[in-house]
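As structure tokens, the structure follows; a few thoughts come after it.
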Amino acid sequence: MTSFNDFGLVEPISRALAEEKYLTPTPIQAQTIPLAMQGRDVIGIAQTGTGKTAAFALPIINHLHTKRLRPDKKACRVLVLSPTRELSGQISDSFRAYGRHIRPLAVALAIGGVPINRQVRSLAHGVEVLVATPGRLLDLVNQRALRLDQVEVLVLDEADRMLDMGFIHDIKRIVAMLRKERQTLFFSATMPQEITKLADAMLRDPARVAVTPQASTVDRIEQRVILTDKSAKPNLLVEVLKTETTDRVLVFTRTKHGDDKVVRALQKSGFGAEAIHGNKSQNQRERVLGDFRNGKLRILIATDIAARGIDVDGVSHVVNYDLPNIPESYVHRIGRTARAGADGIAISFCDHEEAPFLRDIERMIRMSIPSTDKRTGERPAHRPAQQNAGKRHNGRPQRGNHQQRGNGGGNGHHGNNGHRSHNGGNGHQARPSQNGHQAGHAQAPRQEADAGEPNGIGNVTFLQRPNEPRRNAGHRAR
Ligand code: AMP
């Protein structure tokens, strides 16, 4: 499939795509769109950044345009469930962008953290597309502001993250309210056992499409580890920020508390940094995200959940101030820098207690990450995978290994990634306190990591907008 014209999408969609400057479908789009247009259920294994939103949004808009029906009051024809407020906002923006020449196309957003009344009003006359986080959706149903019996197409996005965040029961309750004769499009970056079971229960004879093996994503990013003492991390971060040439830095911590500590340490050293997490008000979050997008704020501190779904181009560095205890989260985190398609660098701080996490990560991505040892204590070196230093486990030489176990580097090929031009990104977050994401992460299934297999499927083509300067993509006005 070389062109969007080959899909037979209706003209108003093709026009919107041309305006978005989408020339070539991405692999997930090339595989998903024809199947979805035939009415098939689809399981798509794909991460954010592969173009999966358009992969489901385009066939859906096409369906809405060709089969025009007036939705009943308080009903929706298409329901998209996503785990976070940010991602939900981005998905609804995408529907509006791709469907901008389709009339009528009412797209509503139902997310927590904002007053419910406006959402109740927006649903009163029925909508074509409702994008929602599960908790708020159930609140609306319970208030009788929304009925789900007319849903023709259900999309479940980032199913694995739904599981991490403890939404699985909400999802099952929602699915039980839908009619059986519907189309279901199911997306997940990984397929742990529980997600496979959920998919089996929800889908009818699904076609399976897959892109983005984790290892390929990781391949395009220069990764380094700094072994350090826990207490030295604040100073180490300051040192990294002083020595690296950074455009825009996303610093990950495991906890919200960690977020605030890091912000204080940086501010004390004269660095402008801010955190986003669920404790912040909606306005604060939107302001901080807006500043990060438009380049006013160069350092953003986030937890995994807070950062999920945030689509910001031009992140030059991801710093893992804390290593995640779930290897998939590492891949999600560092993938933030590959989005700009530029020279993404991921630097991870690993203290003594985190050594096992590093071992799990290296096993999953099937490479050992070049490391520098800045520990001062006399602790036993729990450095995993030493014997494989400099070799990918599959025998291919590893990039950036010119300093054996030193400061990594390397100028390996970095692919190009997409830029979400239409994205307004309205920073919201789904019910973090209620679902306790730390606990959720701790319980998350580990089958994939243990298997060490990246789902074993083809290469990823990353998204590139034409005529866009790579390095400075992030600084353009959005
Ligand atoms: P997603 O994986 O859906 O979050 O999309 C990642 C980014 O790629 C977004 O900024 C989209 O606007 C952009 N994008 C999606 N499909 C294409 C395409 N076929 N060509 C160029 N950019 C795309």
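Ignoring aspartates and glutamates fewer than eight residues from Lys73 along the same chain, the ones with Cα atoms less than 18 angstrom from its Cα are Glu128, Asp139, Asp149, Glu152. PRE reach from Asn5 (point 7 Å along Cα→Cβ): which of segment 20-41 fall under 16 Å by backbone N? The answer is 21-25. When the alpha-carbon atoms of segment 187-288 are used, the pair Rg, Dmax equals 19.5, 57 angstrom.
Quote the relative contact order of segment 81-231 in percent (integer), defining contacts as alpha-carbon pairs under 8 Å separated by 6+ residues. Reported as a whole number, the value is 22 percent. Beyond 23 Å, the tail of the calculated P(r) for segment 1-125 holds 32 percent of the Cα pairs. Computed extension length for Lys21-Lys230: 70.6 nm, one decimal, from 0.36 nm per residue of separation with the Cα-Cα distance subtracted. Ordering Val211, Leu198, Pro234 by the projection of their Cα atoms onto the charge dipole of segment 186-256, which places +1 on the Cβ of Lys and Arg and -1 on the Cβ of Asp and Glu, puts Pro234 at the extreme positive end.
Length available on full extension from Lys73 to Arg264: 0.36 nm per residue minus the Cα-Cα distance, which gives 63.8 nm.
Checking the Cα-Cα distances for Lys21/Lys242; Lys172/Lys256; Lys296/Lys374; Lys52/Lys172; Lys74/Lys172; Lys52/Lys74 against a 26 Å cut-off, the pairs over it are Lys21/Lys242; Lys172/Lys256; Lys296/Lys374; Lys52/Lys74. Amide H contacts of Gln223 (H built 1.01 Å from N, in plane; Pro and chain starts excluded): Ala346 sit under 5 Å, all sequence-distant by 5 or more or on other chains.
Please list 226-237, 22-33 highest first by mean number of surrounding beta-carbon atoms within 10 Å per residue.
Per-residue Cβ counts within 10 Å, averaged per peptide and sorted highest first, yield 22-33, 226-237.
Between Ser281 and Met177, the modelled labels are 3.0 nm apart [label points 7 Å from Cα along Cα→Cβ]. Normalising the Debye intensity of segment 128-264 to I(0), with uniform scatterers on Cα atoms only, and taking log10 at q = 0.16 Å⁻¹ returns -0.95.
Coordinate-derived values only; no laboratory data. Since the structure is predicted, the reported quantities are computational estimates derived from the model, not experimental observations. Cβ: placed from backbone, ideal geometry, glycine included. Neighbour counts: every protein chain shown.
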